[in-house]
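Structure first, then comments.
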Amino acid sequence: MTTHSSQTASIAAAQNTTSELPRGLMLERWRGLRALALTTAALLSAALLAVVIGSVSIPPGAVLALLGERLAGLAPAATYPDTYRTILFEIRLPRVVFTAVTGAALASAGTAYQGLFRNPLADPYLVGVASGAGLGATLALVSEWPGRWLGLSAVPIGAFCGALLTVGLVILSAQVGHRVPISTMLLAGVAVGAFASAVTTFLMLRTPEGLRRAFNWLLGGYTGAGWAPVGIILPYVLVGLVVLQLNARALNVFQLDEEQARQLGIHVERVKLIVVLAATLMTSAVVAFGGLIGFVGLVVPHALRLLVGPDYRRLIPLSTIGGAAFLILADLLARTVLAPQELPVGVVTALAGAPFFVLLLRRLRRSVF
Amino acid sequence: MTPLRLLNLSAGYGARPVLHGISLNIAASQVTALVGPNGAGKSTLIRVLSGVLAARGGEARLNGTDLLRLRPAERARRVAVVPQMLHLPEAFTVGEIVLMGRTPHLPLWAGEGRRDCEVAWAAMRRAQVDELSERRADELSGGEQQRVVLARALAQEPQVLLLDEPTAHLDLKHQVRVLELVRELARVDNLTVLMTLHDLNQAALFADSVALMQRGEIVAHGSAQDVFTAERLSRVYGLHVAVGAHPVRGTPVVMATGTL
C-alpha cells in the first residue's frame, strides 16, 4: 500500500471558507421574472383585443367599464347599449376564456412531455390523446347517439373517454415488468394511434354525413356554447397544471437521464405516470370541446425555452400564460381574416406559428434542448 | 465512518445471472477499487448498489440498514454515484446541475433553500468546479464534466461514493487529478468509496484495497500487493502478465506479456 502525499490540508482549508455564495447559485430564480411580466402583458393585451374586435366592435373603454360593473359593482361613467353587455358576457368573453384555458393546457402539457420524453418533437398528443379523441368523437357522431348527458352532447364525452382509454391502452401495452420505458411508450403510442386513426377513417368513410362533421371537429375550433364548456374543462386543467408544476423539479432532473434521476432519489416510474396522467387529463378535456388544435404545444414551449432556458419550474407557468395568449391571438385571426366565415383555429396556429418558430430558431443559434 | 457490507448479493438481467452471491466488506474512509475483466460484473454491482438494478437476493448493510430495501430518496441520501456514461443535458449551468444533487433532501415540490445552495457551493469548491459555476455544463471538457458530476454527487452529502470507471475518456493528467481527489474524499471527508477501474496500475497506486472480480464473483480482496500476483492475474484475465514494482512508489505494476 502506498503512502500518500498530503495536499489534504490546503483542500480542507479551502472548503471551510464558504463565506458568501456566488451570483451563479442563488440567482437563477429571478431570471424568469422579466419573461413572466412579458407573457402576462401579452396575455392581457391579447384578451382585451379579442373582446374588442368583432362584427360589432366594442370600444376598450366600454369593455373595462362593463367589466368593472359586472365584477366589482362599479357604476359605469357612461351608458352603454345592452347589446354590448350581451356580446361581451355571452359571446366574446366565454370564447376568450375558453380559448385561453385551451391554449394554457396544450402549451403546458407540451412542455411537460418534451421534458419527460427528452424529445424536442414531443407535443401534447404524443401518447395517443389525438387519435383516441378522434376515434371517440367519430364514434359518437356516426352512431348518432341521441342522448345528452348533464347537458352535454355525445361528441365531447366520446372524445374525452376515447382519449383517456387510448392513453391507458398505450401505457398498459408499453409496460415491461414494473417499468414503462420511454422508448416503448413512444412506440406503443405510434402503434395504438395508427390503429385508432385507421378505425376512425373507416367509420368516417362509411357515412358521408359523419365524414363532414368529424372532419370539422378534427380541425379544431371553438364550438360556441357559452360558459358551460369553460366550467367543465377548467377543473381538469387547473388540477393538471398544479400537478405538472409540483413535478417541475423532477422534470429538470429527468434531463440528466432516467438512470441518473433514479440515482438521485427520484421515483422515476411514479413521476412518469403522474406527469402522463396529468397531461392526458387536461389535454383530453380541452380537446373534447375544442378539437385537435396543433402546434400550440410545440411552438410555445420552444419559444419560451429560448427566452428563459431549460428550467421547468419557470417553463411550465410561462407556457401556461404564453399558450393562453398565443391561442387567443390565433383564434382572433381565425374569426376575423375571412369574416364572417371562420377558419379552423388549427390552420391559423400552424400558418402563424411555424414561420415565427423558424425565425426564433435562426435568431438563437445556441441549442437549448 | 461507516463500512459497507455486501452479503451474498446476486443480480442479473432477464434470465442471465450476472452476480453470484457477492460478499465484500468495503472499508470506511478508504478507497476500494473494483477490478476485473470486461463482463465480470463490476458495473452491474455499481448499478445494484445505486438502485438502478434490483438485486435478486442478498443485502448491502450500511449502519445496520439494508440499502437495497430503502426508498429511492432515502438511498440517495446515503449513496451517490458518478456514472460511467456522462450525460449532461444541454443548456443547464454547472450550478444548476450541482444543485440537482440536493434532490434526495428536498420534498418533490420544494425549491432549494440557502443551505442547499451552501452545500452545493462547498461541493463545487471541493471538486474544483467553482470557477465554472455559471458556464453551460454541456460545453465543458470531459475532465471538467467529470468533476461537475462528482460535485453533484458530493452535494448529496452521501456516506458512500460509487464511481464507475471515473478515468475513462480522460487524459493522463485529468485521470490522476480525479483519482487524487477521490482519495482525498475518502481520507479527509471520511467517504466510503468504491470505484471500478480498468487500469490495474492506477488501482494499485490510488486505492487502499482492491477487489478482483471474475464471472460475477469476488476472486480476491486485499492490498494490491497481495491481490496482484502474476499467477492470479494470468488466470483471471486469460493473459500472460508480469508484475513489477512502481519505480517511485513501489506499488505493483502489471504488464501484459502475451496472450495465453
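Answer with yes or no whether B:Asn190 is within 14 Å of chain A (Cβ to nearest Cβ) and touching a strand residue (DSSP E or B) at 6+ places or on another chain (Cβ under 6 Å).
Spelling it out, it is not the case that B:Asn190 is within 14 Å of chain A (Cβ to nearest Cβ) and touching a strand residue (DSSP E or B) at 6+ places or on another chain (Cβ under 6 Å).
How about region B:102-122: which of its residues are within 7 Å of chain A (Cβ to nearest Cβ) and part of a helix (DSSP H, G or I)?
B:Thr103, B:Pro104, B:Cys117, B:Glu118, B:Ala120, B:Trp121, B:Ala122
Of all residues in region A:303-336, which are of a type in the set (Asp, Glu) and either closer than 17 Å to A:Ala41 by Cα or surrounded by fewer than 24 Cβ atoms within 10 Å (Cβ to Cβ) (or both)?
Of everything in region A:303-336, just one residue is of a type in the set (Asp, Glu) and either closer than 17 Å to A:Ala41 by Cα or surrounded by fewer than 24 Cβ atoms within 10 Å (Cβ to Cβ) (or both), namely A:Asp311.
Kindly state which helices (runs of 4 or more DSSP H) lie completely within region A:164-249 and contain at least 1 residues that are open to solvent by less than 60 Å² (accessible area, probe 1.4 Å), modelled with pLDDT of 90 or more and over 19 Å from A:Thr283 (Cβ atoms).
The helices (runs of 4 or more DSSP H) meeting that bar are A:182-206.
Looking at region A:279-302 only, could you name the residues that are among the small types (Gly, Ala, Ser) and either open to solvent by 20 Å² or more (accessible area, probe 1.4 Å) or free of Cβ contacts under 8 Å to residues at least 24 places away in the same chain (or both)?
Across region A:279-302, the qualifying residue is only A:Gly294.
If you scan region A:37-91, which residues turn out to be in a loop (DSSP other than H, G, I, E, B), among the β-branched types (Val, Ile, Thr) and without any contact (Cβ under 8 Å) to a residue 24 or more places away in the chain?
A:Thr79, the sole residue that qualifies.
Are any residues in region A:86-126 at pLDDT below 90 and basic (Lys, Arg), and if so, which ones?
A:Arg118
Go through region B:223-246 and give me each residue that's within 13 Å of chain A (Cβ to nearest Cβ), open to solvent by 20 Å² or more (accessible area, probe 1.4 Å) and not in a helix (DSSP H, G or I).
The answer is B:Ser223, B:Ala245, B:His246.
Filter region A:269-278 down to the residues that are under 21 Å from A:Ile233 (Cα atoms), buried (at least 21 other Cβ atoms within 10 Å of the Cβ) and within 14 Å of another protein chain (Cβ to nearest Cβ) and list them by number.
A:Val275, A:Ala278
On the given criteria, is B:Arg147 surrounded by 21 or more Cβ atoms within 10 Å (Cβ to Cβ), part of a helix (DSSP H, G or I), in contact with a Lys or Arg (Cβ under 9 Å, 6 or more places away or on another chain) and modelled with pLDDT under 95?
Spelling it out, B:Arg147 is indeed surrounded by 21 or more Cβ atoms within 10 Å (Cβ to Cβ), part of a helix (DSSP H, G or I), in contact with a Lys or Arg (Cβ under 9 Å, 6 or more places away or on another chain) and modelled with pLDDT under 95.
Quick one: would you say B:Arg125 is at the interface with chain A (Cβ under 8 Å from one of its Cβ atoms), part of a helix (DSSP H, G or I) and open to solvent by 50 Å² or more (accessible area, probe 1.4 Å)?
The answer is yes for B:Arg125.
Restricted to region B:43-76, and to residues that are open to solvent by less than 10 Å² (accessible area, probe 1.4 Å) and at the interface with chain A (Cβ under 8 Å from one of its Cβ atoms), which residue is nearest to the chain's Cα centre (by Cα)?
So, considering only residues that are open to solvent by less than 10 Å² (accessible area, probe 1.4 Å) and at the interface with chain A (Cβ under 8 Å from one of its Cβ atoms), the one nearest to the chain's Cα centre (by Cα) is B:Ser50.
Name the residues in region B:77-101 that are under 23 Å from B:Gly142 (Cα atoms), open to solvent by 10 Å² or more (accessible area, probe 1.4 Å), in contact with a helix residue (DSSP H, G or I) (Cβ under 8 Å, 6 or more places away or on another chain) and more than 8 Å from every other protein chain (Cβ to nearest Cβ), would you?
B:Gln84, B:Leu86
The values are calculated or read from the model by the stated rules, or taken from the named source; none is laboratory data. Being a predicted model, the structure only gives us computed values, none of them experimental. Note that each Cβ is placed from the backbone with ideal geometry, even for glycine, and that neighbours are counted across all protein chains shown. When the accessible area is computed, the model is the full protein with side chains, heavy atoms only, and any ligands, DNA or RNA have been set aside. Shrake-Rupley method; radii C 1.70, N 1.55, O 1.52, S 1.80 Å.
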